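Enquirer: Let me begin by handing over the structure; questions about it come next.
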Amino acid sequence: MINRKDFIRSGLFGLIPLSVRNLIPQPKASGPFPVVISTWNTGIRANAAAWEVLSKGGYALDAVETGVKVEEADPKNMSVGYGGRPDREGKVTLDACVMDERGECGSVAFLQDIKHPVSVARKVMTESPHWMLVGEGARQFALDQGFKAENLLTPEAEKAWKNWLKNSEYKPVINIENHDTIGMLAIDEQGRLCGACTTSGAAWKMHGRVGDSPIIGAGLFVDPNVGGATATGLGEEVVKTAGAALIVEFMRQGHDPSVACKMAVERIIERDAANKEGVQVGYIALNKDGAFGGYSILNGFTYAVYNEDGNRVIKSEHLI
């Protein structure tokens, strides 16, 4: 006889129709809650904002949206939102997505002139029949929802772009603080696990390029019965291995979050080991019981965690 917990972990549970599955008592998360985890040192500030929501018994989706908006609004963070480094044509284009505790999702890609793409992504989830809107359609939707259009190219970002134009060499630089995506996962006091991911993408990218950050299953994935994961680094490599969804599946098999992240990193290397020199991808994961972890290809990746032990930065383990 297979017990209920092992049956769920086996993946067979997912084959049961949703209408029947909802009648089956679900395993309760055990805590301690709340917990919030986010990518990079800048996650400290984002975590603090998210914790303000969580510590008052608030909803995890409100917490992750509030948290990542701190970095979207910060012009000093030149890889997220306002002040993000532009593409090679001098345009700031933004990507973001959210997932809630039911596994529902919303996403925007190639969005221009809107400071908080994460909030637009949430509106796509709640106020549209779709999961993703892109480009001008996403912009028009945002305006229709009451968002304000504004110039996101700061003088500092414009100066950096004009300096780049002198040589026009496209070579992403790894492990520079503020260089990349902020992804965040949180569990609230009720055990609801939600996630958000937002970025201005790779600096000097081709106009129209979209990375992993708005792609459900790549940059972010949440399964309420298992946990969630989010990614940072070279998005092309994350997408090619469906990184976040892969980590969640490894956790479903019983692996703890750190091991699941490591296994997903190894999958990137296994896929094309000969062409991975200088490539950085970092993952973080949070399971439904509040256990967390992270792992990266190269040294230098950090993540921030806020739980009952306080708000702190953790240096990730790495493969190479």
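The values are calculated or read from the model by the stated rules, or taken from the named source; none is laboratory data. Just so you know, these numbers come straight off a predicted model, no measurement behind them. Neighbour counts are summed over all protein chains in view; Cβ atoms, including those assigned to glycine, are modelled from backbone coordinates with ideal geometry.
Enquirer: Within the set of pairs 6+ apart or on separate chains, which have a first residue in the range 207-225 that is farther than 25 Å from Gly290 by Cβ, a second that is among the β-branched types (Val, Ile, Thr) and part of a loop (DSSP other than H, G, I, E, B), and C-beta atoms under 9 Å apart?
Expert: His207/Thr93; Gly208/Thr93; Arg209/Thr93; Val210/Thr93; Gly211/Thr181; Asp212/Thr181
Enquirer: Among the numbered criteria (1) in contact (Cβ under 8 Å) with a residue 40 or more places away in the chain; (2) buried (at least 24 other Cβ atoms within 10 Å of the Cβ); (3) in a helix (DSSP H, G or I); (4) among the small types (Gly, Ala, Ser), which one does Gly228 miss?
Expert: So the condition that Gly228 fails would be (3).
Enquirer: How many residues are surrounded by fewer than 15 Cβ atoms within 10 Å (Cβ to Cβ), among the polar types (S, T, N, Q) and in a loop (DSSP other than H, G, I, E, B) if we restrict to the range 275-305?
Expert: Selection size over the range 275-305: 1.
Enquirer: Quick check, is Asn41 at pLDDT below 95, surrounded by 22 or more Cβ atoms within 10 Å (Cβ to Cβ) and at negative phi? Write out each step before concluding.
Expert: Values: at pLDDT below 95: yes; surrounded by 22 or more Cβ atoms within 10 Å (Cβ to Cβ): no; at negative phi: yes.
No.
Enquirer: Follow-up question, since we're still on this one. Across the range 63-91, what is the total count of residues that are surrounded by fewer than 24 Cβ atoms within 10 Å (Cβ to Cβ) and aliphatic (A, V, I, L, M)?
Expert: Count: 3.
Enquirer: Let me ask you something else. Within the range 55-66, how many residues turn out to be within 15 Å of Asp100 (Cα to Cα) and either touching a residue at least 40 places away in the same chain (Cβ under 8 Å) or within 13 Å of the chain's Cα centre (by Cα) (or both)?
Expert: Going through the range 55-66 one residue at a time, the tally reaches 7.
Enquirer: Something else now. Can you name the residue in the range 94-106 that is touching a Pro at 6+ places or on another chain (Cβ under 9 Å) and surrounded by fewer than 24 Cβ atoms within 10 Å (Cβ to Cβ) and is also nearest to Ala157 (Cα to Cα) among such residues?
Expert: Let us first name the residues in the range 94-106 that are touching a Pro at 6+ places or on another chain (Cβ under 9 Å), namely 94-97, 100-103.
Checking which are surrounded by fewer than 24 Cβ atoms within 10 Å (Cβ to Cβ) leaves us with 100-103.
On the way: Asp100: 33, Glu101: 36, Arg102: 38, Gly103: 36 Å.
Per the stated criteria, the residue is Asp100.
Enquirer: Can you tell me which residue is nearest to Val35 (Cα to Cα) among those in the range 244-254 that are more than 11 Å from the chain's Cα centre (by Cα) and of a type outside the set (Val, Ile, Thr)?
Expert: Of the residues in the range 244-254, the ones more than 11 Å from the chain's Cα centre (by Cα) are 245-254.
Filter once more, keeping what is of a type outside the set (Val, Ile, Thr): 245-246, 249-254.
Working: Ala245: 20, Leu246: 22, Glu249: 21, Phe250: 21, Met251: 18, Arg252: 20, Gln253: 22, Gly254: 20 Å.
That would be Met251.
Enquirer: Right, another one. So His207 clears everything in (1) in a loop (DSSP other than H, G, I, E, B); (2) in contact with a helix residue (DSSP H, G or I) (Cβ under 9 Å, 6 or more places away or on another chain); (3) modelled with pLDDT of 95 or more except one condition, right? Which one?
Expert: Of everything listed in (1) in a loop (DSSP other than H, G, I, E, B); (2) in contact with a helix residue (DSSP H, G or I) (Cβ under 9 Å, 6 or more places away or on another chain); (3) modelled with pLDDT of 95 or more, His207 misses just condition (2).
Enquirer: Restricting to the range 249-274, what's the tally of residues that are surrounded by fewer than 24 Cβ atoms within 10 Å (Cβ to Cβ) and either in contact with a helix residue (DSSP H, G or I) (Cβ under 6 Å, 6 or more places away or on another chain) or part of a helix (DSSP H, G or I) (or both)? Steps first, please.
Expert: Quick first cut of the range 249-274, residues surrounded by fewer than 24 Cβ atoms within 10 Å (Cβ to Cβ) only: 249-250, 252-256, 258-259, 262-263, 266-274.
This time we only want the ones that are either in contact with a helix residue (DSSP H, G or I) (Cβ under 6 Å, 6 or more places away or on another chain) or part of a helix (DSSP H, G or I) (or both), so: 249-250, 252, 254, 258-259, 262-263, 266-271, 273-274.
Going through the range 249-274 one residue at a time, the tally reaches 16.
Enquirer: What are the pairs, 6+ residues apart or on separate chains, where a residue within the range 144-161 that is β-branched (Val, Ile, Thr) has its Cβ under 9 Å from a residue that is at pLDDT below 95 and surrounded by fewer than 16 Cβ atoms within 10 Å (Cβ to Cβ)?
Expert: That search, which allows pairs on different chains as well, returns Thr154/Pro75.
Enquirer: Taking the range 306-320 as the search range and keeping residues that are among the charged types (D, E, K, R) and under 22 Å from His255 (Cβ atoms), which one is surrounded by the most Cβ atoms within 10 Å (Cβ to Cβ)? Steps first, answer last, please.
Expert: Narrowing the range 306-320 to residues among the charged types (D, E, K, R): 308-309, 312, 315, 317.
Going one step further and asking which of them are under 22 Å from His255 (Cβ atoms), we end up with 315, 317.
Working: Lys315: 13, Glu317: 15.
Among residues in the range 306-320 that are among the charged types (D, E, K, R) and under 22 Å from His255 (Cβ atoms), the one surrounded by the most Cβ atoms within 10 Å (Cβ to Cβ) is Glu317.
Enquirer: Take residues that are among the small types (Gly, Ala, Ser) and within 18 Å of the chain's Cα centre (by Cα) and tell me which of the helices (runs of 4 or more DSSP H) falling wholly in the range 74-186 contain 2 or more.
Expert: Numbers: elements: 117-127, 135-144, 155-164.
Fully inside the range 74-186 and qualifying: 117-127.
Enquirer: Taking Ala121 and the conditions (1) within 28 Å of Glu156 (Cβ to Cβ); (2) modelled with pLDDT of 95 or more; (3) surrounded by fewer than 19 Cβ atoms within 10 Å (Cβ to Cβ), which numbered condition does it fall short on, given that it satisfies the others?
Expert: Just one mismatch for Ala121, condition (3).
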